[in-house]
Amino acid sequence: MLSFLLAIVFTDLLKLFLKLKLSVYRIISISLSIVIFACGTWNAFNPQVSYIEIPIRKIGRELRLMQITDVHLGHFHGKDYLQTLVQKTNDSNVELVCITGDLFDGKIQLKEEVLLPLKQLNAPVYFVEGNHDEYSNADVVKSLLRKVGVRVLENEIEVFNDIQIIGLDYVVADNEEVNMHANNDTNTIKSIMQRIKFNTALPTILLHHSPVGCEYVAEKDIDLYLAGHTHGGQTFPASLITSIILKHNKGLYDLDRLKIFISEGAGTWGPPMRFLTKNEINLIKLIPMR
């Protein structure tokens, strides 16, 4: 249905520039619908490894990490898909894996067996929850992840190879923000940043599912904020709309000394469709800032 609607939109735009027979427009609409559906479905089931270099302060050497976010294990993606992500991660030769939420989407895949591929990862894995993990039962999600050797961070700090990792539960930016994904957590990015204590001499990465409260993070001596949640809009024209209305939609941003990176995500929410966006995991090379 979505591919058909997009095809109609593109065909109507074509009518503004070309005068063709009605039958030709019908053929174009049907053909475009098939192409959009095929491309969108292929993108939704064939994740890519996207590469980016991010210079940060205080780091003494290069470090390769993989960010995995928004897998949405559920009706369309399961153990085999997670196995694909694990294989691509191992092939990328990383030192660290950061999963920034929405690993699950519902309870249909919520079992330890589905997560067994994570035990094959050749690097330590850190996880923070997303809103869909909460809908799926965050306590169960975290328990299953711990069983397969994943380090779950709940408003905690961990030091790995002289890199400081701050992992936050899914919260809103501050008390002024309306929580569209209501939970019982009274913490906010602002309140956590006001009380958190960490070693400012170490390069510091903050993990949070959604890219909110960036201004509060930037006030602290934090180098990199990794997030997901937005899916980059997932499918055109939503991808165009989110790029306009969201301050931080996808890719790399600078806010004072803070680097903000938002992945488009490895899975899909709703229909398994990716048109003019992609399912991705992100190979991030941290390099010393010159």
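Every read-out reported here was derived from the displayed coordinates using simple, explicitly stated rules and does not represent laboratory data. Owing to the predicted nature of the structure, the values given are computational and were not obtained by experimental measurement. Neighbour counts run over all protein chains shown; Cβ positions are idealised from the backbone, glycine included.
A few notes on this one:
- Between the residues 60, 171, 159, the greatest Cα displacement towards the positive end of the dipole of the chain, with unit charges on the Cβ of Lys, Arg, Asp and Glu, is found for 60.
- Each other residue within a Cβ distance under 14 Å of residue 257 adds +1 if Lys or Arg and -1 if Asp or Glu, for a net charge of -2.
- In order along segment 52-68, the phi-based Karplus estimate (6.51 cos²θ - 1.76 cosθ + 1.60, θ = phi - 60°) of 3J(HN,Hα) comes to 8, 9, 10, x, 10, 6, 6, 8, x, 8, 6, 9, 9, 10, 10, 9, 10 Hz; Gly and Pro are listed as x.
- Residue exposure sequence - 127, 37 - by fewest surrounding Cβ within 10 Å: 37, 127
- Summed side-chain charge close to residue 173 - residues other than residue 173 whose Cβ falls under 12 Å, Lys, Arg +1, Asp, Glu -1: -2
- Computed from Cα atoms, the angle from the helix 79-91 axis to the main principal axis of the chain rounds to 60 degrees.
- Span from the segment 33-55 Cα centroid across to the segment 211-274 one, whole angstrom: 17 Å
- Taking 0.36 nm per residue of sequence separation and removing the Cα-Cα distance, the residue 243/residue 51 pair yields an extension gain of 67.1 nm.
- Close amide H pairs (under 5 Å, H built 1.01 Å from N) link residue 170 with 129, residues at least 5 positions away or on another chain.
- Antiparallel beta bridges, as assigned by DSSP with both residues in the chain, represent about 30 percent of the total such bridges.
- Where Cα atoms sit under 15 Å apart: lysine pairs in segment 74-174 separated by 8 or more or lying on different chains: 11
- Residue ranges 189-196, 68-75, 270-277 sort as 68-75, 270-277, 189-196 when ordered by packing (mean number of other C-beta atoms within 10 Å per residue, highest first).
- Prolate/oblate/rounded call for segment 78-201, Cα gyration tensor, a/c under 1.5 rounded: oblate
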